[in-house]
Amino acid sequence: MFKPQPRASLPEHQFIDTMLNAGIHWGNKQSTLNPKMVGYLLGIRDGICIINLEETYTRLKRALNIVENVVSKGGTVLFVSTNATFSGIVASAAKKAGQPYIINHWIGGLLTNWDEVALKLTAREAKELAKEATLATRATLATRATLATRATQAHRRQEEVSGCNVLAEPEQNTNVYKKPDLIFLMSTNGHKNTKIFRQRSSPRGSEFNVNKLAQKSEDRVIKEARKANIPVIAIVDTDTDPSFIQYPIPGNDDGVLATYFYCEMFSRVCQR
C-alpha cells in the first residue's frame, strides 16, 4: 500500500500535494454537513464535501508548532484513537515518538480522576494482569467458558494500560502522577452533529440514537480534557462540530492513508 511521506519542511504547495495524495480533502456527504464546518470547505462535488486544504495546512502547521513547543519543554502528548481500524497506526506512531497512547477503549476518569486511575496504569499492573491470565488458563476447576472470559478480560485490560506506562510513573521525589500536557485525538465521532439531532422533534427511537451518540468514547475524551484544562488537537471531518476543540484540523478522519499522514506528522515532530 502506498504511504505518503510527509515532511513539515516542505513548501506549502508540495505539502498540500502530499495531503491531496493522502485523500485528506475528502469530506462526508453533504446531507451530514455540520453548519460550523462550512468555512473549511472548498466546495461540494457530486454530493460530497471537499475540504479546503489551505485551511488544513494552516491549522496543521499551527498544531505541529504547539506539539513541538510542548515536547521541547519536556511535556507529553497523549495520542488517542478509539477506532479499532486505526489503533495500530496510532499506537505505532506514539511508540516511535516516545509518547503515551490510548487505543480501542477510553478509560473513564483517566483525566478527571488522574491520580487514582494512574495507579492502575503501571508496568507492574500490566505484569500482574498477564500473570492473572496465565493462572486462569491453568485453572482446572473453572469451566472452559469462564477461563476464556477471564483471559480475554485480562488481555483487554492489559492492552488498555500498555500505552500509558510512559505517564504512569510518579514525578521525581513525589507521589504525584504526571498528566499529559496535550492530547492528539485522531477522530471526533462523539461530537458529530449532536446539536442538530437534539434540535429536532423526533420519535423515541431517534432520541435513543442521540443518547447513544453522546456516549461515544471521543465525546468522553473531549469532556474530560475540558474539565482537566488539557488542550486538544483533533482531526475534524465535515460532519463534526469543531467548536468544542481548541485546535481543530479540518480533514478526512476515516481514511487509512489520511490517518497515516496525521500520525507520521505528529510522531516526527515529537522526535525532533
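We did not get these values from a lab; they are worked out from the coordinates using the rules stated. Everything quoted here is computed from the prediction, not taken from an experiment.
In units of the rule-of-thumb radius 2.2 N^0.38 Å, segment 11-109 shows an alpha carbon radius of gyration of 1.28.
What pairs from Lys178/Lys223; Lys61/Lys227; Lys36/Lys179; Lys29/Lys95 go past 28 Å between their alpha carbons? Lys36/Lys179; Lys29/Lys95, as the Cα separations exceed 28 Å there.
So what does log10 I(q)/I(0) come out to for segment 35-75 at q = 0.17, 0.21, 0.23 Å⁻¹, using the Debye formula with one equal point on every Cα and no solvent? With no solvent term, the Cα-only Debye profile gives -0.57, -0.69, -0.74.
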